[in-house]
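Visitor: One structure, pasted below without further comment.
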Amino acid sequence: MALLATAFPAAAERKEVDLRLPTRNGEDYTVLVRRAETLARTAAQSMFDREILVSDVSIKITAEDQAQAALVLQMNVTRSDWYSRPDPRIWSTYFPVAQDLLQL
């Protein structure tokens with residue numbers, strides 16, 4: 001009697017991460033966006049490293065100061081795309097209206 005190996009597909013997961021990024025006094029919008037990209041890069045890499053079943057991530061970076069908060073970028077990326085090109089500038093959608101809302 002032969003034993004049959006049954007392969008069950010792994011359950012892929014999508015993770016959504018919402019992160020807050022405080023603005024810095026005197027910071028311009030370009031610097032804020034670069035910090036948001038760095039935060040998104042770190043979050044995606046960490047998620048893929050920690051969670052083997054995660055197949056794709058959606059990361060939202062919201063900048064906030066004392067009075068306002070505005071979405072700066074959202075990065076949606078699959079694990080395979082991330083490992084082929086781990087660059088948040090490629091996978092992100094930017095929201096330039098945040099510059100006006102945050103008065104930067």
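The values are calculated or read from the model by the stated rules, or taken from the named source; none is laboratory data. Note that the structure is a prediction, hence the values are computed from the model and not measured. Cβ: placed from backbone, ideal geometry, glycine included. Neighbour counts: every protein chain shown. Protein only, heavy atoms only, side chains kept; ligands, DNA and RNA dropped before computing areas. Shrake-Rupley method; radii C 1.70, N 1.55, O 1.52, S 1.80 Å.
Visitor: Across the stretch 66-84, which residue is nearest to GLU27 (Cα to Cα) among those that are out of contact with any helix residue (DSSP H, G or I) (no Cβ under 8 Å at 6 or more places or on another chain) and open to solvent by 70 Å² or more (accessible area, probe 1.4 Å)?
Guide: Across the stretch 66-84, the extreme among qualifying residues is GLN66.
Visitor: Kindly state which helices (runs of 4 or more DSSP H) lie completely within the stretch 25-104 and contain at least 3 residues that are touching an Asp or Glu at 6+ places or on another chain (Cβ under 9 Å) and on the phi < 0 side of the Ramachandran plot. Before the answer, list the steps.
Guide: Values: elements: 29-50, 79-84, 88-91, 97-101.
It comes to 29-50, 79-84, 88-91.
Visitor: State which residue is farthest from LEU102 (Cα to Cα) when the search covers only the stretch 28-86 and only residues that are touching a residue at least 40 places away in the same chain (Cβ under 8 Å) and of a type in the set (Gly, Ala, Ser).
Guide: SER55
Visitor: Checking ALA63 against (1) buried (at least 18 other Cβ atoms within 10 Å of the Cβ); (2) modelled with pLDDT under 95; (3) aliphatic (A, V, I, L, M), only one condition comes out false. Which one?
Guide: Condition not satisfied by ALA63: (2).
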